[in-house]
Amino acid sequence: MKVQRVDHIGIAVNNLAETLLFYEEILGIKCQGTEEVAEQKVKVAFLPVGDSELELLESTDPEGPIAKFIASRGQGIQHIALQVDNIEAALAELKEKGIRLIDEKPRYGAGGAKIAFVHPKDTDGVLLELAERQTK
Ligand code: ZN
(Lines give C-alpha, C1' and ligand atoms only; values in the text may rest on other atoms or scores of the structure.)
Protein backbone atom coordinates (compact mmCIF):
# COMPACT_ATOMS: atom_id res chain seq x y z
CA MET A 1 0.00 0.00 0.00
CA LYS A 2 1.22 3.46 -0.84
CA VAL A 3 -0.12 6.29 1.33
CA GLN A 4 0.26 9.43 -0.76
CA ARG A 5 -0.83 12.33 1.41
CA VAL A 6 -3.33 13.55 3.94
CA ASP A 7 -6.36 13.82 1.69
CA HIS A 8 -8.57 15.67 4.11
CA ILE A 9 -9.51 16.14 7.72
CA GLY A 10 -13.20 15.69 8.52
CA ILE A 11 -14.60 18.09 11.10
CA ALA A 12 -18.08 17.61 12.55
CA VAL A 13 -20.02 20.84 13.02
CA ASN A 14 -23.53 21.80 14.07
CA ASN A 15 -24.02 24.38 11.37
CA LEU A 16 -21.93 24.68 8.21
CA ALA A 17 -22.84 28.29 7.51
CA GLU A 18 -21.84 29.39 10.99
CA THR A 19 -18.56 27.49 11.03
CA LEU A 20 -17.70 28.69 7.52
CA LEU A 21 -17.70 32.23 8.86
CA PHE A 22 -14.71 31.31 11.02
CA TYR A 23 -12.73 29.54 8.29
CA GLU A 24 -13.52 32.08 5.58
CA GLU A 25 -13.70 35.38 7.41
CA ILE A 26 -11.14 34.81 10.16
CA LEU A 27 -8.70 32.35 8.58
CA GLY A 28 -9.21 33.50 4.99
CA ILE A 29 -9.64 30.00 3.53
CA LYS A 30 -12.11 29.99 0.65
CA CYS A 31 -14.78 27.33 0.55
CA GLN A 32 -14.79 25.57 -2.82
CA GLY A 33 -18.36 24.43 -2.63
CA THR A 34 -20.67 22.17 -0.73
CA GLU A 35 -22.16 18.79 -1.50
CA GLU A 36 -24.77 16.60 0.11
CA VAL A 37 -23.79 12.94 0.50
CA ALA A 38 -27.15 11.26 1.08
CA GLU A 39 -25.65 7.86 1.89
CA GLN A 40 -23.74 9.32 4.84
CA LYS A 41 -26.47 11.77 5.81
CA VAL A 42 -24.17 14.76 5.64
CA LYS A 43 -23.69 18.07 3.94
CA VAL A 44 -20.02 18.73 3.28
CA ALA A 45 -18.12 21.97 2.69
CA PHE A 46 -14.68 21.73 1.08
CA LEU A 47 -11.88 24.04 2.16
CA PRO A 48 -8.65 23.37 0.27
CA VAL A 49 -5.46 24.06 2.20
CA GLY A 50 -2.30 23.41 0.19
CA ASP A 51 -2.35 19.83 -1.00
CA SER A 52 -5.07 18.78 1.44
CA GLU A 53 -8.53 19.86 2.46
CA LEU A 54 -10.58 20.51 5.48
CA GLU A 55 -14.05 19.03 5.17
CA LEU A 56 -16.73 20.45 7.39
CA LEU A 57 -19.51 17.94 7.97
CA GLU A 58 -23.02 18.87 9.04
CA SER A 59 -25.53 16.11 9.65
CA THR A 60 -28.73 16.10 7.62
CA ASP A 61 -30.35 13.50 9.87
CA PRO A 62 -30.48 13.18 13.68
CA GLU A 63 -29.68 9.45 13.27
CA GLY A 64 -26.70 10.04 11.00
CA PRO A 65 -23.12 9.28 12.04
CA ILE A 66 -22.14 12.95 12.37
CA ALA A 67 -25.17 13.74 14.54
CA LYS A 68 -24.31 10.78 16.76
CA PHE A 69 -20.67 11.83 16.95
CA ILE A 70 -21.59 15.37 18.04
CA ALA A 71 -24.11 14.04 20.56
CA SER A 72 -21.44 11.95 22.29
CA ARG A 73 -18.22 13.93 21.76
CA GLY A 74 -19.24 17.41 20.70
CA GLN A 75 -18.11 19.29 17.61
CA GLY A 76 -14.56 18.73 16.38
CA ILE A 77 -12.25 16.51 14.36
CA GLN A 78 -14.14 13.36 13.43
CA HIS A 79 -11.81 11.58 11.04
CA ILE A 80 -8.59 11.83 9.07
CA ALA A 81 -8.42 10.66 5.48
CA LEU A 82 -5.29 9.37 3.78
CA GLN A 83 -5.07 9.08 0.03
CA VAL A 84 -3.94 5.73 -1.31
CA ASP A 85 -3.21 4.77 -4.89
CA ASN A 86 -5.38 1.63 -4.92
CA ILE A 87 -8.07 1.36 -2.28
CA GLU A 88 -9.12 -2.23 -3.03
CA ALA A 89 -5.52 -3.38 -2.66
CA ALA A 90 -5.08 -1.31 0.51
CA LEU A 91 -8.20 -2.85 2.11
CA ALA A 92 -7.08 -6.35 1.17
CA GLU A 93 -3.66 -5.70 2.68
CA LEU A 94 -5.10 -4.34 5.93
CA LYS A 95 -7.48 -7.26 6.22
CA GLU A 96 -4.64 -9.67 5.64
CA LYS A 97 -2.76 -7.97 8.47
CA GLY A 98 -5.72 -8.46 10.80
CA ILE A 99 -6.85 -4.83 10.90
CA ARG A 100 -10.59 -4.43 11.41
CA LEU A 101 -12.42 -2.50 8.72
CA ILE A 102 -15.71 -0.66 8.96
CA ASP A 103 -16.03 -0.87 5.18
CA GLU A 104 -14.82 -4.10 3.62
CA LYS A 105 -15.52 -2.62 0.20
CA PRO A 106 -15.08 0.98 -0.92
CA ARG A 107 -18.07 3.22 -1.35
CA TYR A 108 -18.42 6.64 -2.88
CA GLY A 109 -17.84 9.68 -0.71
CA ALA A 110 -17.81 13.41 -1.28
CA GLY A 111 -16.18 14.56 -4.48
CA GLY A 112 -16.66 11.15 -6.12
CA ALA A 113 -13.72 9.59 -4.26
CA LYS A 114 -13.73 5.90 -3.40
CA ILE A 115 -13.53 5.73 0.37
CA ALA A 116 -13.51 3.20 3.20
CA PHE A 117 -13.17 3.53 6.95
CA VAL A 118 -10.79 1.58 9.17
CA HIS A 119 -12.00 0.65 12.64
CA PRO A 120 -10.70 3.05 15.34
CA LYS A 121 -10.06 0.12 17.68
CA ASP A 122 -7.17 -0.87 15.45
CA THR A 123 -5.79 2.62 14.86
CA ASP A 124 -5.39 3.67 18.49
CA GLY A 125 -8.50 5.78 18.47
CA VAL A 126 -8.39 7.56 15.13
CA LEU A 127 -11.27 7.07 12.73
CA LEU A 128 -9.17 6.61 9.62
CA GLU A 129 -10.57 6.95 6.13
CA LEU A 130 -8.78 5.70 3.05
CA ALA A 131 -9.55 7.61 -0.12
CA GLU A 132 -8.70 6.96 -3.74
CA ARG A 133 -9.26 9.78 -6.19
CA GLN A 134 -9.41 9.70 -9.96
CA THR A 135 -7.49 12.93 -10.33
CA LYS A 136 -5.33 15.23 -8.17
ZN1 ZN B 1 -13.84 12.04 4.88
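The values are calculated or read from the model by the stated rules, or taken from the named source; none is laboratory data. Being a predicted model, the structure only gives us computed values, none of them experimental. Glycine also receives a Cβ, built like all others from the backbone with ideal geometry; neighbour counts cover every protein chain displayed. Just the protein is used for accessible areas: all its heavy atoms, side chains included, with ligands, DNA and RNA removed. Shrake-Rupley method; radii C 1.70, N 1.55, O 1.52, S 1.80 Å.
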Once Ile77 and Cys31 are pulled to full extension, the length gained, defined as 0.36 nm per residue separation minus their Cα-Cα distance, is 14.8 nm
Could you give the longest part of the chain that holds none of the GluC sites (Glu not before Pro) found in DSSP loops with at most 12 neighbouring Cβ atoms within 10 Å? 1-62
For Val126, tell me the accessible area in Å² from a 1.4 Å probe, rounded to the nearest 10. 60 Å²
State, to one decimal in nm, how far the label point of Ala17 lies from the label point of Tyr108, with both points 7 Å from Cα in the Cβ direction. 2.8 nm
Cβ-placed point charges (K, R +1; D, E -1), dipole of the chain about Cα centre in debye, nearest 20: 280 debye
Let me cross-check Leu54: its accessible surface, 1.4 Å probe, with only protein heavy atoms counted, in Å² to the nearest 10? 30 Å²
First select every other residue whose beta carbon is under 12 angstrom from the beta carbon of Lys43; then total the charges, Lys and Arg +1, Asp and Glu -1. -4
Label zone at Glu96, where the point sits 7 Å out along the Cα-to-Cβ direction: region 1-21 residues whose backbone N lies under 16 Å: 1-3
Restraint check, Lys41/Lys114; Lys2/Lys114; Lys30/Lys105, Cα-Cα greater than 27 Å: Lys30/Lys105
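What is the sum of charges around Pro106, taking Lys and Arg as +1, Asp and Glu as -1, for the other residues whose C-beta is under 11 Å from the C-beta of Pro106?
Value of the local net charge: -2.
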Test of understanding: what is the full-extension gain from Glu88 to Thr123, defined as 0.36 nm times their sequence separation minus their Cα-Cα distance? 10.7 nm
Could you work out how far helix 87-96 tilts from the main Cα principal axis of the chain, as a 0 to 90 degree angle to the nearest 10? 60 degrees
With a probe of 1.4 Å, find how much accessible area region 3-132 has per residue, and write the answer as a whole number in Å². 53 Å²
Can you give the accessible area of Ile77 in Å² (nearest 10), computed on protein heavy atoms with a 1.4 Å probe? 110 Å²
